[in-house]
Structure formats: structure tokens, C-alpha cells
Amino acid sequence: MALLAGDLDDFSASVLTLPINPGIISFTRQQLLFEEELRRDDSDFLDKIDPGTPVKAFLTDCRKHRELIRSFDMDHVLNTGYRQLSSGQCKKLLVLQQVTEGKDVIIIQNPYDGLDRQSCQELDRVMEKCIENGIQVFTLVNSPKDIPFWCSHVGYFHRGQLARQGEKHTVLSGISKPAADFNSDWTPLFSQTTQNGDKTAIPLVRLRNGFGGYGDHILFSGLNLEIFPGDHILITGRNGCGKSTLLNIITGDNSKCYANDLSIFGRQRGSGESIWEIKQYMGIVSPALHRDYHVPSSTLQAVVSGFFDSIGLYRKVNVQQLETARNFLHIIGLADRETTPFRNLSHAHQRLVLIARALIKQPRLLILDEPSQGLDDLNRNRLMELMLEIATRRLATILFVSHREDEHHPLFRQHINLEQFATR
Ligand SMILES: Nc1ncnc2c1ncn2[C@@H]1O[C@H](COP(=O)(O)OP(=O)(O)OP(=O)(O)O)[C@@H](O)[C@H]1O
């Protein structure tokens, strides 16, 4: 991706022709945009929260592209600041930015990751149209399942080599399923006692007539939620319906947690508890955490930081904590990268490290907001295998947000479609 995007400095090639000034849609670009917005954050000067550059400022000729913007369900956020967008909306904005700018070449990484079903269909429609209009579209995917129908040719990389290339059907018919090349045994990582699945136990989360939103804007309401140990929950719903907001209310990262009738681990929110007391029993992975984790830190430190819920490591750690973190790195296949700066890992490897970071303290509640974004089939399957292992052994209770239907596993005993509680 970096080579195609013109971002790679350290490489050699005897012949190389790259597209000039292509439109890039990737996690890295999304991250750069976010960091740029953080640099421009004027909250301190304004004496109020600076929401960031409004969406419409990223787009060329909004009027002309009104239908396109509407089809992506982005017309109602044109005046919203970039930092207030949901993760799927950030991705859609990047797509709209490149398409409205009229690029000749578009390179899009993992096109469907983070998008709801309707947006995936819309993206397909838009890309098909771009191709009809002579725009060249390259896409990079981690799974043959994610190859869009509009691709005519495929290049297949295997172990760092371009192993096959040519017409889609010919290439795909010659690809065999790659064998797993990592340690599959999670057993050494879990020592805690089993959580019982007893309905008479105190619920981990109880939300009565719950609502969520920002300021006066309410996204969802009337939500009743009771999560007992072992009641793993899948949360779905279109981009921007409030899934991350709900999770943030549960984790205490959204101030509506105080306005709600909410108890966590048997304790009513707003009864004097600190956010850290609550968080010590939670392991969290989310697009926002991934976005915010941009401090200098080694890969090993990033995993260890999970013991303290910190972004970066600012405490002394003991030998046992380091040993546990190394075990995790071994399991996720990154043992040889412990000194590599976290930010220098690929996006997918960063994700795996953040998952290990969430698991390291063996949380009672494991909150995973689209954890598999950017992972290839092997690691995605591996992640689901781990979820099953956690569920079977009752090691933690899982709250899982995913747009991918192949991740809607029967292990999730409850399913909340948040759209059903939408106020819009
Ligand atoms: N700090 C904020 N201030 C104002 N509005 C916000 C803020 N954060 C998010 N929003 C808005 O709230 C809505 C819900 O955002 P949220 O991130 O909860 O959606 P989501 O369901 O998780 O979406 P996605 O599937 O894209 O991740 C979005 O329309 C977003 O623009």
C-alpha cells in the first residue's frame, strides 16, 4: 500500500511506474487526517470543544455531488466536525473526498471494513461508476471473500512475493487456503477462575430505559440492557447509529453515563466511583483507541500498558508482567517485534497488539468495537476462535460490535440491533 501511495522511501526497483497523485483511501490516511486535525485543535483558545474541520470543507462542490453524498447517508453531517464523526463516517468521508475531487486513479485499502451493509453496496455502486468513467481503481484486501465484484484483475501476494497475477477467475482458481503459521494454543494465557453464568449473579451491566447522544442530540433511547456473566452480546446497526456511543457510556467515556440509570459491576454510576475503578475490570479495543494510540512506545510496552489502561507506558513494570506480555506477543506471532515502535507496525499488527493489550489483565468485560478491522482471514478466524475459547471457558463476557455477518457467531447469546432504538 505504502509503495502504491508513494509513501515508501526505503525500497529499490529496476523499473517502477506509479500513478501520479492518486486518491488514497486507507487506514494510514485516515490516521494522518486525524492527527492533522488534532494539531489544529483550537479547543484551548476557543474555551469550548473544537469539533474540527467541518465535513463539507473536505469535499469538492457539495451541491453538484448532493445525490452521492446523500446515498452515503452523509448529508446530515456536512456541518459536523471531523473529530465528531463515527469511524465508518470517517471512512465514507475519505471516499467522498477522493471521488468528488475527480481523481484519475483511486487506491482503496480494505474497502468494506468499517462500513455498514448499505454503505458497502453504495461503495460498490460508486466504484463501478468510477470505472465506467475511465477512473482506474486499485483495491487491497486481506481476504478473497472481500474482492469486490468490480475488480477484473487480481495480484496475489504470498509471503512477501507477488505469487500470481492476471484475470480474477484464473488467479482465484489457483489459490489454495494458506496454512496457519502461528501458535494456536491460548491456554497459557488464562489463569483466572471461571466466571459463572449464573442469572442470580449481579449483572455486569444494567441499563434501564437507556439513551445516548451528544448535547441535546439523542441518537437512541428506550434501551434496556442486562448483561450477566457469560451473556456475550453482539451489537449491530448502521454507521453512526450510536454503537460506539453506547460502549462509551458503559465504559464511562461518555458523560451520558451519569444521566442514565446505569449500574456497572453492581455499582450505580454516579455514586462516587472513579472511571479507573470501573475500567480495571474492562478490556477495550476500538477504532478510537487505535486512532488515539499514537504515542512513542515499543510493541512490548503497548501490550503491557493494558495492565494500567494507559496510552503509552508510564509506570514501572515487574518481571511477571513483562513475561505475560511476551507470551501474548508470541501467541499473536509478533515475538520478534517487541522492540519495534508500535507505530511502525502495520495497521493489522497494531490491531493484534491492541487486542493483546485488552486481554492482558484478564478483564471481566471484554469490549471489542470492530476489533477485526484490517485483519486477514487467518487472523480474523483466529480472533473468532479466541472469542469462542473465552466463551467456552467463561473467562470474560464479551460485547462485540461488528458489521461483518461472518462474525455474527452463535456464541453471542444476545443481539442488539441499535437501529431499532434510533431516534432519527
Ligand atoms: N463528540 C461528539 N460530538 C457530537 N457528535 C458526535 C460525537 N461523537 C460522535 N458523534 C456523532 O454521533 C453519531 C454516532 O457515532 P458513533 O461513533 O456512536 O456511531 P457508530 O454506530 O459506532 O458508527 P460506526 O459504525 O461508523 O462506527 C455519529 O453521527 C457521530 O457524528
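The values are calculated or read from the model by the stated rules, or taken from the named source; none is laboratory data. These numbers were taken from a predicted model, which means no experiment stands behind them. Counting neighbours? That spans all protein chains shown, and the Cβs are built from the backbone with ideal geometry, glycine included.
In segment 215-225 there is no residue that is within 13 Å of the ligand (Cβ to nearest atom), under 18 Å from the mean Cα position of the chain (by Cα) and part of a strand (DSSP E or B).
Yes or no: ARG125 within 16 Å of the ligand (Cβ to nearest atom) and loosely packed, with under 14 Cβ neighbours inside 10 Å? In short, no.
Quick grid of which residues meet (1) without any contact (Cβ under 8 Å) to a residue 40 or more places away in the chain; (2) assigned to a loop (DSSP other than H, G, I, E, B):
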position	(1), (2)
ILE108	no, no
LEU115	no, yes
ARG125	no, no
THR139	yes, no
TYR156	yes, no
LEU162	yes, no
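Determine if segment 317-333 includes at least one residue that is of a type outside the set (A, V, I, L, M, F, W, C) and in contact with a Gly (Cβ under 7 Å, 6 or more places away or on another chain). Within segment 317-333, none of the residues are of a type outside the set (A, V, I, L, M, F, W, C) and in contact with a Gly (Cβ under 7 Å, 6 or more places away or on another chain).
Taking the condition of a type outside the set (Ser, Thr, Tyr), in the same structural domain as PRO229 (by TED's automatic domain parsing) and within 16 Å of the ligand (Cβ to nearest atom), does GLN373 pass? In short, yes. The residue list ALA325, ALA288 contains one member that is outside any loop (DSSP other than H, G, I, E, B), within 16 Å of the ligand (Cβ to nearest atom) and not assigned by TED's automatic domain parsing to the domain that holds CYS90, which is ALA288. Within segment 93-116, the set of residues being near the ligand (Cβ under 10 Å from one of its atoms), touching a helix residue (DSSP H, G or I) at 6+ places or on another chain (Cβ under 6 Å) and on the phi < 0 side of the Ramachandran plot comprises just one member, LEU115.
Residue-wise test of (1) under 25 Å from CYS241 (Cα atoms); (2) in contact with a Gly (Cβ under 8 Å, 6 or more places away or on another chain); (3) in the same structural domain as LEU345 (by TED's automatic domain parsing); (4) away from the ligand (no atom under 16 Å from the Cβ).
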| position | (1), (2), (3), (4) |
| --- | --- |
| LEU18 | no, yes, no, yes |
| GLU36 | no, no, no, yes |
| ASP50 | yes, yes, no, no |
| PHE58 | yes, no, no, no |
| ASP61 | no, no, no, yes |
| LYS64 | no, no, no, yes |
| LEU68 | yes, no, no, yes |
| MET74 | yes, no, no, no |
| ARG83 | yes, yes, no, no |
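Candidates in segment 52-97 are the residues that are part of a loop (DSSP other than H, G, I, E, B) and of a type in the set (A, V, I, L, M); of these, the one that is surrounded by the fewest Cβ atoms within 10 Å (Cβ to Cβ) is LEU78. Among the candidates VAL141, VAL205, VAL171, VAL137, the residue that is modelled with pLDDT of 85 or more, over 30 Å from CYS120 (Cα atoms) and of a type in the set (A, V, I, L, M) is uniquely VAL205. Here is the figure for segment 226-251: residues that are within 15 Å of the ligand (Cβ to nearest atom) and either farther than 20 Å from LYS279 by Cβ or small (Gly, Ala, Ser) (or both) total 9.
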